[in-house]
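Beneath this line is the structure, given in structure tokens, with notes to follow.
The values are calculated or read from the model by the stated rules, or taken from the named source; none is laboratory data. Fair warning: this is a prediction, and the values are worked out from it, not measured in the lab. For neighbour counting, all protein chains shown are included, and Cβ atoms are generated from backbone atoms with ideal geometry for every residue, glycine included.
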Amino acid sequence: MSVLIFIDQADGHVKKSSLEVLTYGAKLASQLGVAAEGIVLGTVSDDIAALGKYGVSKIHHVSNNLLDHVDAQVYAKVIAEAANASGASIIIFSHNQTGKAVAARVAARLKAGLVAGACALPDTTNGFVVKKTVFSGKAFANVSINAPIKVISLNPNSYTTIAGEGTATINALHIAVDTPKVKVTAVNKVTGEIPLTEADIVVSGGRGLKGPENWGILLDLAKELGAATACSRPVGDAHWRPHHEHVGQTGVQIAPNLYIAIGISGAIQHLAGVNRSKVIVVINKDPEAPFFKAADYGIVGDAFEVVPQLTAEIKKLKAAN
Amino acid sequence: MKILVCVSKTPDTTSKIAFTDGGTKFDEAGVQWIINPYDEWYSLVRAIELKEKDASVSITLVNVGGADAEPIIRKALALGGDEAIRINTDSSDPYYIAAQIAAVAKAGSYDLIFTGKETIDYNGSSIGGIIAELIDVPYISLATKFELIGTTATVTREIEGGEEVAEVALPLVVSCQKGVAEQRIPNMRGIMAARTKPLKVNEPEAIEALTNIVSFELPPAKAGVKLVAPDNVAELVRLLHEEAKAI
Ligand SMILES: Cc1cc2nc3c(=O)[nH]c(=O)nc-3n(C[C@H](O)[C@H](O)[C@H](O)COP(=O)(O)OP(=O)(O)OC[C@H]3O[C@@H](n4cnc5c(N)ncnc54)[C@H](O)[C@@H]3O)c2cc1C
């Protein structure tokens, strides 16, 4: 019995969410007194042995270049076989785009009980109960997994990465890889931007900014903070900003350390996408805006005056430190 | 061409989320039920568009749920499905639900199966993947575009840090999100027609649930907002740096 952790990579680089699942999986393994092992698929350029510092003793690598693109069907077969070969009874994924494509298939293949969207370590004192977010972050469910094999996918940004010491041994795994039935014809990466779901800080704008021509003040603030940018749904719908920036119940769900909402009213559907943020700052000229009820800090004021000052003050802070 | 569209019943997005029976049951008092928005706005509408282009397309809706799901199934039929199957059981276990749908999918040999990207209650994003695995066909997760020429689909899907365009032959399972189609409102004719469209009730297959919900919890209430005067932005930065340690 062991815990197998899926290490997601893109273009050879290990994703930040993978470090979270490694830390989480290793912690779960030590809680159960079993080994924690990783698995990585495709061509990698990062030093994967160094991932041992997150608590895994061994990393299985299937280096076949048919695995350079994530294909749910092909990946599921390889991961399920690796789980069987290594005697894993718990398999951990990130609940990111890759996890959403692959984890459920792996679970079905192994007839494993699945908890998708976990947000805490399982309680294993009496059975195996995993806490997950439900109702778009408005509540949690404690889910008991009753099958011998278990698959968990962990919400990104919900478990703190801890690096210790150690190197993992790499085990080259030879598993037959099918040719994907899905033929990828183009990949369009959003370049030069921090992916929204991985960002520590997110600066977000709503209809209060009046029009796309006014986004400069928000982009300046985001740049100063090294933040990703987001928007409310009407802003995405009106094409003021690209639709992949739309956060909320029907958009991207995020959980950054800091979420700064500018000119956003805080409708319940918007909150559903951002309420897992650790600290929420709201800048809105209407003191009655519902967002203030969900905020940690707020300024009742005109965004066009407040935001440039905020950027300037952050610049000062950075200069002083 | 046969399309199977999965429709789930979820609480309206403005519903107050509360629990009863010592936190073990969702409090349904005053809750309005809707078709899961991803199912309604994207997968169902895209299926209808495909049928509008090609009259030989038939659309079957499938729901796993009790009799109380019938109003939302009728609404989906009013939007445009040809017939519906309700599998008369309820569960929160993704494997159990998906395996019920997979049994319907196998029996009806559908060319295309659509789900929403997730339901807005359990947020698992797992039903499509499980169905695809159980019937052994490709799975396109988080699609933002879906085109069909003959029996080959061209799809755009969300991946880590961007999107990917791919071609794949049917049969296929696709989970749909924003971009695939635009929301529609049912019209009077559709509502009238939906009343007489077939809605078949199947008893569930004997499948074992692999998980169950033990209890629910609400997040701890926020301590309350700390307001800073608009002419004192420096104070906000100080608080974020020293107190919240967020910058
Ligand atoms: C089923 C459903 C799903 C939905 N899903 C989503 C979703 O995923 N994400 C989402 O965001 N919305 C979603 N919505 C829409 C949501 O209900 C709100 O309509 C939307 O979030 C409002 O966007 P907003 O806050 O940008 O605009 P508004 O509600 O118009 O708010 C603008 C705010 O800006 C403030 N303001 C104006 N001028 C200034 C200024 N100069 N300085 C500072 N503040 C100013 C105003 O006081 C106001 O509070 C959904 C709705 C439905 C029905």
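In the stretch A:22-35, the residues that are within 15 Å of residue A:128 (Cβ to Cβ) and assigned by TED's automatic domain parsing to the domain that holds residue A:48 never reach a residue that is at pLDDT 95 or above and in a helix (DSSP H, G or I) with C-beta atoms less than 7 angstrom apart, at least six apart or across chains.
Scan the stretch A:200-217 and give yes if some residue there is surrounded by 15 or more Cβ atoms within 10 Å (Cβ to Cβ), assigned by TED's automatic domain parsing to the domain that holds residue A:271 and modelled with pLDDT under 95, otherwise no.
Looking for residues that are surrounded by 15 or more Cβ atoms within 10 Å (Cβ to Cβ), assigned by TED's automatic domain parsing to the domain that holds residue A:271 and modelled with pLDDT under 95, one finds at least one in the stretch A:200-217, hence yes.
Just one of the numbered conditions (1) surrounded by 18 or more Cβ atoms within 10 Å (Cβ to Cβ); (2) under 18 Å from residue B:38 (Cβ atoms); (3) out of contact with any His (no Cβ under 8 Å at 6 or more places or on another chain) is not true of residue A:243: (1). Among the strands (runs of 3 or more DSSP E) confined to the stretch A:182-261, the ones with at least 2 residues that are under 23 Å from the mean Cα position of the chain (by Cα) and within 16 Å of the ligand (Cβ to nearest atom) are located at A:201-205, A:228-231. Within the stretch A:287-308, residues that are under 17 Å from residue B:233 (Cα atoms) and more than 8 Å from every other protein chain (Cβ to nearest Cβ) sit with their Cβ atoms under 7 Å from residues that are within 8 Å of the ligand (Cβ to nearest atom) and part of a loop (DSSP other than H, G, I, E, B), at 6+ positions apart or across chains, in these pairs: A:303/A:263. The single condition from (1) more than 11 Å from chain B (Cβ to nearest Cβ); (2) over 23 Å from residue A:94 (Cβ atoms) that residue A:224 fails is (1).
Please return the ranges of strands (runs of 3 or more DSSP E) entirely within the stretch B:1-91 where 1 or more residues are within 16 Å of the ligand (Cβ to nearest atom).
B:9-11, B:33-35
Taking the criterion of being more than 7 Å from every other protein chain (Cβ to nearest Cβ) and farther than 17 Å from residue B:36 by Cβ, the residues of the stretch A:132-152 that qualify are A:132, A:148, A:149, A:150, A:151, A:152.
Residue pairs whose Cβ atoms lie under 6 Å apart, sitting 6 or more positions apart in sequence or on different chains, and linking a residue in the stretch A:247-270 that is at the interface with chain B (Cβ under 9 Å from one of its Cβ atoms) and within 21 Å of residue B:177 (Cβ to Cβ) to a partner that is near the ligand (Cβ under 7 Å from one of its atoms) and among the β-branched types (Val, Ile, Thr), are A:249/B:13; A:269/B:13. Please indicate, with yes or no, whether at least one residue in the stretch B:221-229 is loosely packed, with under 13 Cβ neighbours inside 10 Å, within 7 Å of chain A (Cβ to nearest Cβ), in a loop (DSSP other than H, G, I, E, B) and not hydrophobic (A, V, I, L, M, F, W, C). Yes, there is a match, as at least one residue in the stretch B:221-229 is loosely packed, with under 13 Cβ neighbours inside 10 Å, within 7 Å of chain A (Cβ to nearest Cβ), in a loop (DSSP other than H, G, I, E, B) and not hydrophobic (A, V, I, L, M, F, W, C).
Evaluation of residue B:84 against the conditions (1) more than 14 Å from chain A (Cβ to nearest Cβ); (2) modelled with pLDDT under 95; (3) in contact with a helix residue (DSSP H, G or I) (Cβ under 7 Å, 6 or more places away or on another chain) shows that the sole unmet condition is (2).
Filtering the stretch A:262-282 to residues that are more than 8 Å from the ligand (Cβ to nearest atom), in contact with a Gly (Cβ under 7 Å, 6 or more places away or on another chain) and either part of a loop (DSSP other than H, G, I, E, B) or hydroxyl-bearing (Ser, Thr, Tyr) (or both) leaves A:275, A:276. In a residue-by-residue description of the stretch B:100-115, the property of being within 12 Å of another protein chain (Cβ to nearest Cβ) and either in a loop (DSSP other than H, G, I, E, B) or touching a Ser or Thr at 6+ places or on another chain (Cβ under 6 Å) (or both) applies to at least one position.
Scanning the stretch A:283-294 for residues that are more than 8 Å from the ligand (Cβ to nearest atom) and among the hydrophobic types (A, V, I, L, M, F, W, C) yields a count of 2. Could you give every pair whose Cβ atoms fall below 6 Å, whose first residue belongs to the stretch B:36-48 and is of a type in the set (Asp, Glu), and whose second residue is more than 15 Å from the ligand (Cβ to nearest atom) and modelled with pLDDT of 95 or more, counting only separations of at least 6 or pairs across chains? Pairs that qualify, where the first residue is of a type in the set (Asp, Glu) and the partner is more than 15 Å from the ligand (Cβ to nearest atom) and modelled with pLDDT of 95 or more, are B:39/B:7.
Select, from A:53, A:77, the only residue that is under 22 Å from residue A:182 (Cα atoms) and in the same structural domain as residue A:146 (by TED's automatic domain parsing).
On inspection, the qualifying residue turns out to be A:77.
Hey, any hits in the stretch A:81-100 for a residue that's among the hydrophobic types (A, V, I, L, M, F, W, C), surrounded by 21 or more Cβ atoms within 10 Å (Cβ to Cβ), farther than 24 Å from residue B:157 by Cα and within 18 Å of the chain's Cα centre (by Cα)? Scanning the stretch A:81-100, I find at least one residue that is among the hydrophobic types (A, V, I, L, M, F, W, C), surrounded by 21 or more Cβ atoms within 10 Å (Cβ to Cβ), farther than 24 Å from residue B:157 by Cα and within 18 Å of the chain's Cα centre (by Cα), so the answer is yes.
For the stretch B:209-220, give me each residue that is part of a loop (DSSP other than H, G, I, E, B) and loosely packed, with under 15 Cβ neighbours inside 10 Å.
Of everything in the stretch B:209-220, those that are part of a loop (DSSP other than H, G, I, E, B) and loosely packed, with under 15 Cβ neighbours inside 10 Å turn out to be B:218, B:219, B:220.
Every test in (1) surrounded by fewer than 18 Cβ atoms within 10 Å (Cβ to Cβ); (2) small (Gly, Ala, Ser); (3) at the interface with chain A (Cβ under 10 Å from one of its Cβ atoms) is passed by residue B:132 save one, and that test is (1).
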